[in-house]
Amino acid sequence: MFKHLIAQINTCYPMFISTVHYEISYQAAKNRLYISIKGFWRNKADVASYLPDLKKILQKTKPGFTLLTDLRAMKTSPPEMQEIHIAAQKALVDAGLHCTAEVVASSFVQFQASQYSKTSEMPLKQFESKAAAEAFLDTLKEPALA
C-alpha cells in the first residue's frame, strides 16, 4: 500500500492528500474541492484509500461547494472500477455538490467519465483546459440553501 502525503499546504488549501493514483485538496476561500486522477487504476486494492480520503476532505466542505476534477492523466478504467467512481460521485452529491467542472484530454476518458456522472447524477460540465474549468466555476453563484 502506498503511503499518503497529508500536509498543511497553506490557508488556501487546508487539506491535501496525494498518492500515486490521485490527489484531493480543498480550497475553503472558494468552497472548492480539487481532485486529480492519475494513471491506470487496475483494481480496487490499488485505490482502497480513495473513498475514505475523499470522505475525510468532504468534512471540510460547505453545502453548495464546487468541484474541479482533472482527468488529463487518467487512463480508462476496467469495468470493476466503475463502482468506486460512482460511489465517490454519490458521496460528493450527498455532501452538497453544486457543480463539477471536469478537465479531460482523452475522448475515451471523456466518454467513460460522462457515463459515470449520468449514473450517479453528478452535475457535470467538461472542459479541455484547467483554466477554462476554473473560470467557469468562478462564475457560479452558490445555490441558496433551503
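The values are calculated or read from the model by the stated rules, or taken from the named source; none is laboratory data. A quick note: this is a predicted structure, and the numbers were derived from the prediction, not measured. Quick reminder, even Gly has a Cβ in these numbers, built from the backbone with ideal geometry, and neighbours come from all protein chains shown.
Values as computed for the structure displayed
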| item | result |
| --- | --- |
| Test: residue in segment 90-108 that is of a type in the set (S, T, Y), farther than 24 Å from T19 by Cα and out of contact with any Gly (no Cβ under 8 Å at 6 or more places or on another chain) | yes |
| Leading residue by the ranking (nearest to S36 (Cα to Cα)) among those in segment 76-86 that are surrounded by fewer than 16 Cβ atoms within 10 Å (Cβ to Cβ) and touching a helix residue (DSSP H, G or I) at 6+ places or on another chain (Cβ under 9 Å) | T76 |
| Tally, over segment 25-45, of residues that are touching a Leu at 6+ places or on another chain (Cβ under 6 Å) and farther than 16 Å from T76 by Cβ | 3 |
| Matching helices (runs of 4 or more DSSP H) fully within segment 58-146 where at least 3 residues are closer than 22 Å to W41 by Cβ | 82-94, 107-120 |
| When residues of segment 109-127 are limited to those that are among the hydroxyl-bearing types (S, T, Y) and within 14 Å of the chain's Cα centre (by Cα), the one nearest to E80 (Cα to Cα) | Y116 |
| Verdict on E83 being at pLDDT 90 or above and closer than 22 Å to I17 by Cβ | yes |
| Answer from Q59, Q27 - the residue that is of a type in the set (S, T, N, Q), crowded, with 19+ Cβ neighbours inside 10 Å and free of Cβ contacts under 8 Å to residues at least 40 places away in the same chain | Q27 |
| Every residue from segment 26-38 that is touching a helix residue (DSSP H, G or I) at 6+ places or on another chain (Cβ under 9 Å), assigned to a strand (DSSP E or B) and not aliphatic (A, V, I, L, M) | Y26, R32 |
| Restricting segment 102-132 to residues that are of a type in the set (A, V, I, L, M) and in contact with an Asp or Glu (Cβ under 7 Å, 6 or more places away or on another chain), the residue that is surrounded by the most Cβ atoms within 10 Å (Cβ to Cβ) | A113 |
| Among (1) among the polar types (S, T, N, Q); (2) surrounded by 14 or more Cβ atoms within 10 Å (Cβ to Cβ); (3) over 13 Å from the mean Cα position of the chain (by Cα), the one test that Q89 misses | (3) |
| Yes/no for A48 being loosely packed, with under 15 Cβ neighbours inside 10 Å, in contact (Cβ under 8 Å) with a residue 24 or more places away in the chain and of a type outside the set (D, E, K, R) | yes |
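Every residue, every condition in (1) out of contact with any Leu (no Cβ under 8 Å at 6 or more places or on another chain); (2) of a type in the set (V, I, T), yes or no:
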| position | (1), (2) |
| --- | --- |
| S49 | yes, no |
| Q82 | yes, no |
| G96 | yes, no |
| V109 | no, yes |
| T139 | yes, yes |
